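Shown next, in structure tokens, is the structure this report addresses.
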Amino acid sequence: MINDSLLVVVDMLHDFIDGSLACANADAAVANTVEFISRTRGDDLPVFFIRDHHPADHSSFSEYGGIWPVHCVAGTHGGEIDGRLKPFVDEDLVFDKGCDREVEQYSGFDGRNSAGQSLGEVAGMLEPKDVYVCGIATEYCVRNTCEDLQKAGFHVVLLSDCLAYVTEEGHRKALDEMRAGGIVVR
Ligand code: VGL
Ligand code: ZN
């Protein structure tokens with residue numbers, strides 16, 4: 001039974017699942033996340049969604065000097081939350097990041113909702129006992145989001161069967177390092 005907690009779903013977006021940056025284990029991660037939410041919803045679990053949300057000429061794209069293929073361009077299918085999760089989306093709890101072309105932003109902590117509030121700010125108002133985190137990719141946005149939440153004083157619990165990754169080796173290393181840093185991995 002989970003009380004007074006919340007869930008942060010990081011970048012479960014088409015480009016990271018079945019698009020230009022499709023990650024390993026993404027399909028199972030989404031299915032397991034749906035299961036987790038369904039199981040805990042009776043406890044009034046708020047679900048926060050982070051979206052990588054880039055302009056078409058973002059500096060992280062290889063044609064503009066970055067290291068990634070074009071992905072999660074605002075307004076495209078690739079940038080949309082997976083349909084299986086849409087029933088759980090509350091527009092006030094959708095936080096966009098990476099919106100500024102000059103700035104790479106792996107952490108969802110500073111992502112903003114349409115009212116201009118940051119995830120850290122809104123999560124803080126709820127004073128959650130635990131902040132559950134799942135999403136894509138373990139080594140990048142999930143890790144940065146977890147570490148920023150932890151730095152801000154939240155107790156972070158990472159859901160290991162609800163993660164997808166660029167490489168399995170990178171995923172395992174990131175989990176080990178997060179665990180060593182005091183993030184609960186379960
Ligand atoms: C991410 C690469 C580029 C992520 C975002 O969500 O982990 N990775 N942009
Ligand atoms: Zn990105």
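The values are calculated or read from the model by the stated rules, or taken from the named source; none is laboratory data. This is a predicted model, so every value here is computed, not measured. So basically every Cβ, Gly included, is an ideal-geometry build from the backbone, and we count neighbours across all protein chains shown. The accessibility values were calculated without ligands, DNA or RNA, using every heavy atom of the protein model including side chains. Shrake-Rupley method; radii C 1.70, N 1.55, O 1.52, S 1.80 Å.
Per-residue answers, yes or no, for (1) open to solvent by 10 Å² or more (accessible area, probe 1.4 Å); (2) near ligand 1 (Cβ under 10 Å from one of its atoms):
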residue	(1), (2)
4	yes, no
25	yes, no
33	no, no
45	yes, no
58	no, yes
65	yes, no
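Total residues in the range 15-48 satisfying the condition of being modelled with pLDDT of 95 or more and among the polar types (S, T, N, Q): the figure is 4.
Of everything listed in (1) within 12 Å of ligand 2 (Cβ to nearest atom); (2) assigned to a strand (DSSP E or B), the single unmet condition for residue 144 is (2). Evaluated against (1) under 30 Å from residue 129 (Cβ atoms); (2) within 13 Å of ligand 2 (Cβ to nearest atom); (3) among the aliphatic types (A, V, I, L, M), residue 31 falls short on exactly one condition, (2).
Out of curiosity, is residue 52 within 19 Å of residue 145 (Cβ to Cβ), among the charged types (D, E, K, R) and out of contact with any Pro (no Cβ under 9 Å at 6 or more places or on another chain)? Before the answer, list the steps.
Numbers: within 19 Å of residue 145 (Cβ to Cβ): yes; among the charged types (D, E, K, R): yes; out of contact with any Pro (no Cβ under 9 Å at 6 or more places or on another chain): yes.
In short, yes.
Sub-6 Å Cβ pairs linking a first residue in the range 133-150 that is over 9 Å from residue 165 (Cα atoms) and free of Cβ contacts under 8 Å to residues at least 60 places away in the same chain to a second residue that is open to solvent by 10 Å² or more (accessible area, probe 1.4 Å) and hydrophobic (A, V, I, L, M, F, W, C), at least 6 apart or interchain, are 148/109, ordered by first then second residue. Within the range 108-130, residues that are under 18 Å from residue 10 (Cβ atoms) reach partners that are part of a loop (DSSP other than H, G, I, E, B) and hydroxyl-bearing (Ser, Thr, Tyr) with beta carbons closer than 8 Å, at six or more positions or on different chains, in the pairs 128/5; 130/5. When restricted to residues that are buried (at least 20 other Cβ atoms within 10 Å of the Cβ) and not β-branched (Val, Ile, Thr), the range 129-158 contains 12.
Condition first: more than 16 Å from ligand 2 (Cβ to nearest atom) and either surrounded by 14 or more Cβ atoms within 10 Å (Cβ to Cβ) or within 25 Å of residue 29 (Cβ to Cβ) (or both). Now tell me which residues in the range 95-118 satisfy that. If the condition is that a residue be more than 16 Å from ligand 2 (Cβ to nearest atom) and either surrounded by 14 or more Cβ atoms within 10 Å (Cβ to Cβ) or within 25 Å of residue 29 (Cβ to Cβ) (or both), then 113, 117, 118 are the ones that fit. Checked against (1) within 18 Å of the chain's Cα centre (by Cα); (2) within 16 Å of ligand 1 (Cβ to nearest atom); (3) of a type in the set (D, E, K, R), residue 84 passes all but a single condition, namely (2).
Taking the residues in the range 77-98 that are out of contact with any strand residue (DSSP E or B) (no Cβ under 9 Å at 6 or more places or on another chain) and in contact (Cβ under 8 Å) with a residue 40 or more places away in the chain as candidates, determine which candidate is farthest from residue 12 (Cα to Cα). Show your work before the answer.
From the range 77-98, those out of contact with any strand residue (DSSP E or B) (no Cβ under 9 Å at 6 or more places or on another chain) are 77, 83-84, 86-87, 91-92; that's our starting set.
Going one step further and asking which of them are in contact (Cβ under 8 Å) with a residue 40 or more places away in the chain, we end up with 77, 84.
On the way: 77: 12, 84: 10 Å.
Once the filter is applied, the top-ranked residue is 77.
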